[in-house]
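The values are calculated or read from the model by the stated rules, or taken from the named source; none is laboratory data. Note that the structure is a prediction, hence the values are computed from the model and not measured. Don't worry about glycine lacking a Cβ; one is built from the backbone with ideal geometry, like all the others, and counts go over all protein chains shown. Surface areas here come from the heavy atoms of the whole protein model, side chains and all, with no ligands, DNA or RNA. Shrake-Rupley method; radii C 1.70, N 1.55, O 1.52, S 1.80 Å.
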Amino acid sequence: MSDDITPELFTHLARLAALELEAQEGEYLRHQLNNQLKAIHELEAIPLDEAVSATSHGVTFPPEIAPPIRDDVLAPYPHPEEIIAQAPESEDGYIVVPDIPHTEL
Amino acid sequence: MQLCDLPAYQLVEMIKRRQVSAVEVLESTLQRIQAVDGLPGSLAAEGGALETDKVHAFITLTAERARRQAEQVDEAIRAGEDPGPLAGVPFTVKDIFCVRDTPSTAGSRILANFVAPYTATPVARMEAAGGVMLGKVNLDEFTYGSSSESSAFQPSPRNPWDTSRVPGGSSGGCTAAVAAGEGPLSLGTDTAGSIRQPAAFCGVVGMKPTYGRVSRYGLIAFGSSLDCPGPVAHQVRDAALMLQAIAGRDPRDATAANIPVEDYLARLEEEVRGLRIGLSPDYFRITYPDPQGEGFRQEPLPAAISDAVMRAAGRLAELGADIVEDVPMPHTRFGIPAYFVISRVEAASNLHRYDGVKYGYRTPDYVDDLNEMYRRTRAQGFGPQPKLRILMGMYVSAAQYSQQYYTLALRVRTLIRGDFEAAFDPAGRYRLHALLTPTTPTTAFPIGDVYGDSVLMQYADQLTVPANHAGIPGISLPAGFDEAGLPIGVQLLGPDFSEALLLRLGRAFEMVTAEDAWRQRQPPVLNGVRG
C-alpha cells in the first residue's frame, strides 16, 4: 500500500505545524503517521446511518448543568512583572521578538 | 508499617486527634522518597541508567513548601481549628498542573523553565482542604503516551512491582509514587486512560470522573473535550475522600458541570445487593496492529486478565449483585481509531501556544525572522510525541474537505456513547448500574519494548478510551496478579455522574477481597525499606 503522507505532503504539514525538522527525524515521524493512518482507516469500515450526528463532547451539557456565564468584570493579575519575566526576552515591560516578516496580501 | 504507608483517611483521623503531627507524617514520607525514589527526572540526566532499582517518580520535590504547609496544619489543630478533610495528607501532583511558584514542565523541554504564576483548581482545593503538596511527578511528555517513557525528564518512572517495567502512563509518576508509599494520594489526569491504565499497572486505585466533574482550570491542555483530572490512591475510601475535595463547579472552567457534588463517603459501605453489573464480550477481545504492517487482528485477552475479571464478577455476585452477561458494546474496537483523529486535532490546536514568545523555551540560535524562530523553537523544544500529534492534527484538519476524518470520528464517537447509553438505560434491555471490564489488555510491559511504536503504544488504551469518548466515569481497582507477579486491574464504568455508585462497588470489592492472599503482597521496591 502506498503511503498516504508522501514526503512532499509531509513537508507541507511540517510547515503548517511550524516545525523545522531534520531529515532523519522527519522520516521517522512520517512513517509513524502513515502507520497511525492505517488505524484511522478502520473508521471507514463502520456502517454509518445518515441519522448519526457528530458528538463533540461525550456528556451532554444542557443549559441547566452548564455554569452560568460570569459577570464581565476586570480582574487584573496583581504581578504583571512576573508574567513578563517569563518571556525569553523582554525590555521595559515589552516582550521582544525577532523581525516580524510582512506579507503583501 | 510506617506512617507513609497508612491510608489518607487514617492519617487525617490520627492528625486531628493529635496522635501524630502533620510534620511527622511528612517527614516519614520524605524519608520514603529519599529511600526509594533515586534521581529526579531532569533534562540532563543519563545517570538514571545506573539506578535501575529506583522508582524515579519525581521531577520536582518541594520539601520546604510542604514543611510550611504541614506546620500550618499542626498550628491550626493546636489552635482548635479544623484544617479540613485532607488535614496533613501528603500528596503528589502530575506535572501537567500549574502550581504557583513551582516549575510546571509537562515533562517537556519547551516548558522546562516555566514557573506557573497561578495554581490549578484541583490542587488549590486539595491544599485548602489541608493537603500537603510534596511536589510534581513525572509523566509522558504533555501526557502523550501510556508508559511515561516519553518524558523529556529522564530517568522516567519505573514500576515499583518490577523496576525493569514501565509504570504505565501517562500518570505513571502518580501511580508509581502511590504504590511505593511516596504520599498516599496523587492528582492525575485521564484523556484516554492515563489514570486507570497506570493504576492497573501499579496495583493502585485510579478514577477518571465524569467529564466536567472536576475543573480543568490550570491543567495544561491536551484534548480539551476528553481531559479529566482525578484521584490516584491506595484504597477506594481515599479516592472518595480526594474526589470529594476536588469535584464541583468552578467559575474558571466553563465545562465544569453545575451539578451538586454527592457525598461520596456517606454511602460508601452500603450493600451492593441487587445492583446490575454487566460483562461484555467486546471487552474480552483485544485489537492489535498486525506486526507485518497490514491491517489489524483481534485476539482474546490474556487468560490471567480475563480470569481476574471473572473472579471479580464472582465476588460481587457473592455480595448479591446481579451479573448480566453478553452485553453488546460493538463499537469498543473503534475507540482508538476515533481517538487518533479527535485527540490529535485538539492537541495540535492546544500546542500552537508554545512559540518561544511569551514563556518557556526559545531557540538560542540566530534567526532571521519570527517564523524561523517559531520553527526552530518548536523543533528543539518538543519531543517526538508532541510533534506526531501536531502533524497528525494538521493532516486530518487539512484533509477535512476530502476525507472528512474529523466529522467521521465525531460520528463514531456518537456510536460509542450510544453503546453505553443502551447498556445503562433504566428502561432498556440491560439496565446496568455498571459495566465490569479489564482495565488493560496486558500487564506492565518492559521498559523499551513498546516505546517508539506509536500505534502499538496507543492500543494500550483500547479498553479505557471508550469512557473518555463517552464522557462517563470509570475506576480501576487492583484485582490480583499475573504469573509474573505483576498487578492486574479491573475497571468499573458507570453512567454520567455515577461516581458515588462506582466507589461503593469498588469499596465492596475491596472489603470482600480484604483477606485474599494477593492483597497482602507488597511491591519488591519496598523490600528492606518498609521495616
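Residue by residue through segment B:296-334, note down the ones that are modelled with pLDDT under 95 and over 17 Å from residue B:281 (Cβ atoms).
Answer for segment B:296-334, where residues must be modelled with pLDDT under 95 and over 17 Å from residue B:281 (Cβ atoms): just B:296.
Say whether the condition of being assigned to a loop (DSSP other than H, G, I, E, B), surrounded by fewer than 16 Cβ atoms within 10 Å (Cβ to Cβ) and not assigned by TED's automatic domain parsing to the domain that holds residue B:225 is met by at least one residue in segment B:300-318.
no
Yes or no: residue B:105 in contact with an Asp or Glu (Cβ under 6 Å, 6 or more places away or on another chain) and either closer than 15 Å to residue B:11 by Cβ or open to solvent by less than 20 Å² (accessible area, probe 1.4 Å) (or both)?
Answer is yes for this residue.
Condition first: outside the structural domain of residue B:261 (by TED's automatic domain parsing), more than 22 Å from the chain's Cα centre (by Cα) and either over 19 Å from residue A:57 (Cα atoms) or not in a strand (DSSP E or B) (or both). Can you find one or more residues in segment B:486-507 that meet it?
no
Name the residue, out of B:272, B:205, that is closer than 30 Å to residue B:523 by Cα and either in the same structural domain as residue B:350 (by TED's automatic domain parsing) or out of contact with any Gly (no Cβ under 6 Å at 6 or more places or on another chain) (or both).
B:205
Yes/no matrix, rows are residues, columns are (1) buried (at least 19 other Cβ atoms within 10 Å of the Cβ); (2) facing another protein chain (nearest Cβ under 8 Å); (3) in contact (Cβ under 8 Å) with a residue 60 or more places away in the chain; (4) of a type in the set (S, T, N, Q):
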position	(1), (2), (3), (4)
B:394	yes, yes, no, no
B:405	yes, yes, yes, no
B:408	yes, yes, yes, no
B:420	yes, no, yes, no
B:424	yes, no, yes, no
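Identify all residues within segment B:454-497 that are over 19 Å from residue B:236 (Cβ atoms), of a type in the set (A, V, I, L, M, F, W, C), within 12 Å of chain A (Cβ to nearest Cβ) and in contact with a helix residue (DSSP H, G or I) (Cβ under 8 Å, 6 or more places away or on another chain); write none if there are none.
Correct list: B:455, B:465, B:470.
Might you let me know whether segment B:329-338 holds any residue that is more than 14 Å from chain A (Cβ to nearest Cβ), more than 30 Å from residue B:124 (Cβ to Cβ) and in contact with a strand residue (DSSP E or B) (Cβ under 7 Å, 6 or more places away or on another chain)?
no
If you check every pair at least six apart or on different chains, which have Cβ atoms under 7 Å apart with a residue in segment B:165-189 that is over 15 Å from residue B:476 (Cα atoms) and assigned by TED's automatic domain parsing to the domain that holds residue B:54 first and a residue that is open to solvent by 10 Å² or more (accessible area, probe 1.4 Å) and at pLDDT below 95 second?
If the second residue must be open to solvent by 10 Å² or more (accessible area, probe 1.4 Å) and at pLDDT below 95, no pairs are left.
Could you please find all residues in segment A:81-101 being more than 7 Å from chain B (Cβ to nearest Cβ) and either open to solvent by 100 Å² or more (accessible area, probe 1.4 Å) or touching a residue at least 12 places away in the same chain (Cβ under 8 Å) (or both)?
Matches in segment A:81-101: A:81, A:91, A:92, A:93, A:94.
List the helices (runs of 4 or more DSSP H) that sit entirely inside segment B:1-81 and contain at least 2 residues that are among the hydroxyl-bearing types (Ser, Thr, Tyr).
Here the list reads B:22-36.
Determine the pairs where a residue that is touching a residue at least 12 places away in the same chain (Cβ under 8 Å) and at the interface with chain A (Cβ under 10 Å from one of its Cβ atoms), located within segment B:342-364, has a partner that is charged (D, E, K, R) and open to solvent by 30 Å² or more (accessible area, probe 1.4 Å) with Cβ atoms under 7 Å apart, the partner being 6 or more residues away or on another chain.
From residues that are touching a residue at least 12 places away in the same chain (Cβ under 8 Å) and at the interface with chain A (Cβ under 10 Å from one of its Cβ atoms), the pairs are B:356/B:362; B:361/B:109; B:363/B:376.
Go through segment B:268-287 and report how many residues are closer than 28 Å to residue B:242 by Cα and either exposed (fewer than 15 other Cβ atoms within 10 Å of the Cβ) or not basic (Lys, Arg) (or both). Full working, then the answer.
So in segment B:268-287, the residues closer than 28 Å to residue B:242 by Cα come out as B:268-278.
Checking which are either exposed (fewer than 15 other Cβ atoms within 10 Å of the Cβ) or not basic (Lys, Arg) (or both) leaves us with B:268-275, B:277-278.
Adding up the residues that qualify gives 10.
For (1) under 17 Å from residue B:139 (Cα atoms); (2) open to solvent by less than 10 Å² (accessible area, probe 1.4 Å), each residue gets a yes or a no:
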site: B:177; (1), (2): yes, yes
site: B:184; (1), (2): no, yes
site: B:187; (1), (2): yes, yes
site: B:204; (1), (2): yes, yes
site: B:210; (1), (2): no, yes
site: B:213; (1), (2): no, yes
site: B:241; (1), (2): no, no
site: B:245; (1), (2): no, no
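Would you check which residues across segment B:319-367 are open to solvent by 50 Å² or more (accessible area, probe 1.4 Å) and farther than 21 Å from residue A:17 by Cα and list them?
Selection gives B:319, B:322, B:323, B:325, B:326, B:328, B:330, B:333.
Is one or more of the residues making up segment B:141-162 assigned to a strand (DSSP E or B), open to solvent by 10 Å² or more (accessible area, probe 1.4 Å) and either modelled with pLDDT under 95 or of a type in the set (Lys, Arg) (or both)?
The answer is no, given that none of the residues of segment B:141-162 is assigned to a strand (DSSP E or B), open to solvent by 10 Å² or more (accessible area, probe 1.4 Å) and either modelled with pLDDT under 95 or of a type in the set (Lys, Arg) (or both).
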